[in-house]
Amino acid sequence: MNERQCDILIVGGGTGAIGAALSALRMGKSVIMSEETDWIGGQLTQQAVPPDENPWVDQCGATASYMRFSDGVRDYYRRNYPLTDKARHTMNWNPGQGNVSRLCHEPRVGLAVIEAMLAPYRSSLQLDILLYHVPVAAETDGDRVLAVTLEDTQSGDQVVVSAPYILDATELGDLLELAGVESIIGAESQAQTGEMHAVEGEPMPLDQQAISWCFAIDHLEGEDHTIDKPEDYDFWRDYKADFWPDKQLSWYYSSPRTLEAVHRRIFQTDPNSSYVEFPGDLWHFRRILYKQHYREGAFASDITLVNWPQIDYWLKPLLGVGEDVKQAALRECKQLSYALLYWMQTEAPRHDGKGYGYPGLRLRHDVVGTTDGMAKYVYVREARRILAEFTVLEEHVGVKQRVGLDTAEQFDDSVGIGSYRIDLHPSTGLRTYIDISSYPFQIPLGALIPQRIENLLPACKNLGVTHITNGCYRLHPVEWNIGEAAGALAAYCLDKGLKPRQARNSKSHLRDFQRLLSAELGIPLEWPPYARRAAR
């Protein structure tokens, strides 16, 4: 068995891991990062989810390194794609012209930009990335994690990596369980948290947000790209949850905010129109390539990313269950995505009244870098969460629970900011959406510090939040910021000979660390006045 050492070990290569690596590397630390697949980047790449961002993201509301990523994506298209003059000279243009984000882009473009940002550190051997590696064991001594065993899923070989600081950036918080870090899963009760929208009665640890297996498609009218009938198609064609307005495979779904039935087909009129003209269909929602941005004839069709309500899977949880249940959930989730595509190709009522099915919908496996056409990894909305020195509750950010107040709680130990609605998808407890307004918020340092363990830090969705507040702390720029703050904290503590809780609980060290984040790393710690009171 091989043994290796570094200053900071980042287990998991998701969106938070990228932020964590960049801050630690800029501060001169050696980093080893592991990644389960062959693509780093998490939501931005391997899960194929166009960024969900705040409305001010091009001016404020994200870290400097996240903005470099955004600028890098746009620049990549300008340098490599046959853009029209109008698109080339439009500031902050949207590659896919999707209406979910100001930066709807192809996953592999995001990967190329991330790889470029990390390339100098890899060339100098300051950073090593172990692809196809998963954590299988952790060695601990009291309140410290000494080393993590990583296994190569291709060869079965193992490597033991020791580091004074270890960050968990796995999508499910896997390292928390392996290292015995106190954590929580599922939905807390109102008695536990005092949150308005927490569950009544007993907590529900197996009540976890739906997962989704995303995929990309284009549309070539007159051609037939129908896939083979999925194994579970008959089940999903007939399945209807009690809280859902129609069958799962339907153009009807529940409005997240009102819970009323919404009818939204894949196309309204022209599948290649501007999203401004027809904003209400599914095609334009997460479109990642808009062919009108490019010279005539460059692309036969737009490309859109399917992350729609119809592929939300909520029948089985991933956490707190045996491996057999977890694997069954992943299989069924992927089957649901195939079933939706097959239904759209064969049985879905057409928008133009010309019968049923769109056989011209083509599964674009090349866009997501797989042979089966599905993203490399399932989109996970909820992970294990540390029991932290401080836990963010609905009362800190939720508009309804902050009666008489007009901003989110202002945290003295802020290490970043974010803004998104408290957005919980239907869950494995067979509960429907929880989608409520929140104020632009801060990320408190206390939520990054475990109650007991001294040298393991969360670097993604696994920080000190609840089932409810996870709903607004789980999105792309927020996760990046969480990771970036965690990487910087580990590096700062190494430089100063401190423990993370000492950096937080000493006023002088806290201010020194915050100056580092703000002045040197470009991480905003508070919202400007014009955005602070803008409830979403």
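The values are calculated or read from the model by the stated rules, or taken from the named source; none is laboratory data. Keep in mind that what you see is a predicted model, and the values were worked out from it rather than measured. Cβ coordinates were reconstructed from backbone atoms using ideal geometry, including for glycine residues, and neighbour counts include every protein chain displayed.
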| message | What pairs come out if I take residues in region 348-373 that are under 20 Å from Gln248 (Cα atoms) and pair them with residues that are in a helix (DSSP H, G or I) and of a type in the set (A, V, I, L, M, F, W, C) whose C-beta lies under 6 Å away, six or more apart or interchain? | response | Tyr358/Met344; Leu361/Met344
| Right, Val49: more than 17 Å from Asp128 (Cβ to Cβ) and in contact with a Pro (Cβ under 9 Å, 6 or more places away or on another chain) or not? | yes
| query | Does Phe441 meet the test of being without any contact (Cβ under 8 Å) to a residue 60 or more places away in the chain, farther than 16 Å from Gly487 by Cα and within 19 Å of the chain's Cα centre (by Cα)? | reply | yes
| said: I'm checking my understanding of the structure. Among residues of region 305-334 that are without any contact (Cβ under 8 Å) to a residue 12 or more places away in the chain and in a helix (DSSP H, G or I), which one is nearest to Ile217 (Cα to Cα)? | reply: Arg331
| query | With respect to the numbered conditions (1) free of Cβ contacts under 8 Å to residues at least 40 places away in the same chain; (2) touching a Gly at 6+ places or on another chain (Cβ under 7 Å), which one is the sole condition not fulfilled by His225? | reply | (1)
| query | With respect to the numbered conditions (1) touching a Lys or Arg at 6+ places or on another chain (Cβ under 9 Å); (2) hydrophobic (A, V, I, L, M, F, W, C); (3) in the same structural domain as Phe215 (by TED's automatic domain parsing), which one is the sole condition not fulfilled by Met374? | reply | (3)
| In region 382-405, is there at least one residue being over 24 Å from Ala191 (Cβ atoms), modelled with pLDDT of 95 or more and not small (Gly, Ala, Ser)? | no
| query | Just one of Arg122, Arg144 is basic (Lys, Arg) and either buried (at least 18 other Cβ atoms within 10 Å of the Cβ) or farther than 30 Å from Arg68 by Cβ (or both); which is it? | reply | Arg144
| query | Restricting attention to region 155-172, and to residues there that are out of contact with any helix residue (DSSP H, G or I) (no Cβ under 7 Å at 6 or more places or on another chain) and hydroxyl-bearing (Ser, Thr, Tyr), which single residue is surrounded by the most Cβ atoms within 10 Å (Cβ to Cβ)? | reply | Thr170
| Would region 121-141 turn up any residue that is touching a Lys or Arg at 6+ places or on another chain (Cβ under 6 Å) and assigned by TED's automatic domain parsing to the domain that holds Asp435? | no
| Hits in region 316-346 (condition: within 21 Å of the chain's Cα centre (by Cα) and hydrophobic (A, V, I, L, M, F, W, C)) | Leu318, Leu319, Ala329, Leu330, Cys333, Leu336
| query | If Tyr239 passes every condition in (1) without any contact (Cβ under 8 Å) to a residue 40 or more places away in the chain; (2) closer than 28 Å to Asp302 by Cα; (3) of a type in the set (Phe, Trp, Tyr) but one, which one does it miss? | reply | (2)
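Within region 38-56, how many residues turn out to be crowded, with 21+ Cβ neighbours inside 10 Å and in a loop (DSSP other than H, G, I, E, B)?
Residues that pass the stated criteria total 12.
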| task | Inspect all residues belonging to region 271-290 and state whether any of them is at pLDDT 95 or above and β-branched (Val, Ile, Thr). | result | yes
| Quick one: which strands (runs of 3 or more DSSP E) sit completely within region 176-269 and have at least 2 residues that are in contact with a Phe, Trp or Tyr (Cβ under 6 Å, 6 or more places away or on another chain) and not charged (D, E, K, R)? | 261-263
